[in-house]
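Notes follow once the structure below has been shown.
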Amino acid sequence: MNALQSLIARGGSVMIVIMVLSVLLYTQCFKLLLTLRQSRRALDAEPAILLQRVPLLEAMQEEVHEDFSHQRLMLSAMIAAAPLLGLLGTVSGMAKTFESLSSNMGQKSMENLAGGISEVLVATESGLTVAIPALVLVYLAHRQIDKHKQKLNQLKELAWRANPS
């Protein structure tokens, strides 16, 4: 817990919001990845068995795709919010820094300047650290859904060839 308190102290109060956002964001990302893993497992069975389940697999895939479409909007908003919160911390830290500089002279002002710049960098870094990996996870999920669609289309084609009526 001391590490979190230290990070909040170093990055300013916006760090609390960035941390809460990161927990919510990554919870949703991992739920999505688990859903995709279950979907992939359903498509990894024997081709003969899969051919019998094409309608069921289609329904399941449509549900996964629809769920992803809804989640992607929320995930995208959270991913976009993380660096903006970092920017908010940057602006807040710079305001404190300039305020400190204007009220102090000499060596004390240099200490305040260094502390303020540190706060700014921690907030910016934290926002980007939350957003970038989540963006990669959402991209990987999107690719996985595309792969599922391709496999399902191949199965539908095989099923149609086996039973064209």
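Observations on the structure shown:
- Remark: the LYS31-LEU7 segment gains 5.9 nm on full extension, using 0.36 nm per residue and subtracting the alpha carbon distance.
- Just so you know, the Cα atoms of region 68-156 work out to an Rg and Dmax of 21.2, 76 Å.
- Legend: calculated FRET efficiency, ARG40 to LEU128, from the Cβ-Cβ distance at R0 = 22 Å, rounded to 0.05, equals 0.15.
- Over the chain, relative contact order from alpha-carbon pairs under 8 Å, at least 6 apart, %: 37 percent
- Summarising the label geometry, the points placed 7 Å from Cα in the beta-carbon direction at HIS65 and GLU99 lie 5.3 nm from one another.
- Local charge for LEU7 was computed over the other residues whose Cβ lies under 15 Å away, with Lys and Arg +1 and Asp and Glu -1, and equals -1.
- Size of the chain as Cα extents on the principal axes (Å, biggest first): 87, 26, 18
- Rounded to whole Å, sorted largest first: equivalent-ellipsoid semi-axes of region 48-92, Cα gyration tensor: 42, 8, 4
- Backbone N within region 79-102 under 18 Å of label point (7 Å from VAL17 Cα along the Cβ vector): 79-97
- The fewest-to-most ranking of ILE49, ILE132 by surrounding Cβ atoms within 10 Å reads ILE49, ILE132.
Values in this text are rule-based calculations from the coordinates and carry no lab data. Keep in mind the model is a prediction, meaning the values are calculated, not measured. So basically every Cβ, Gly included, is an ideal-geometry build from the backbone, and we count neighbours across all protein chains shown.
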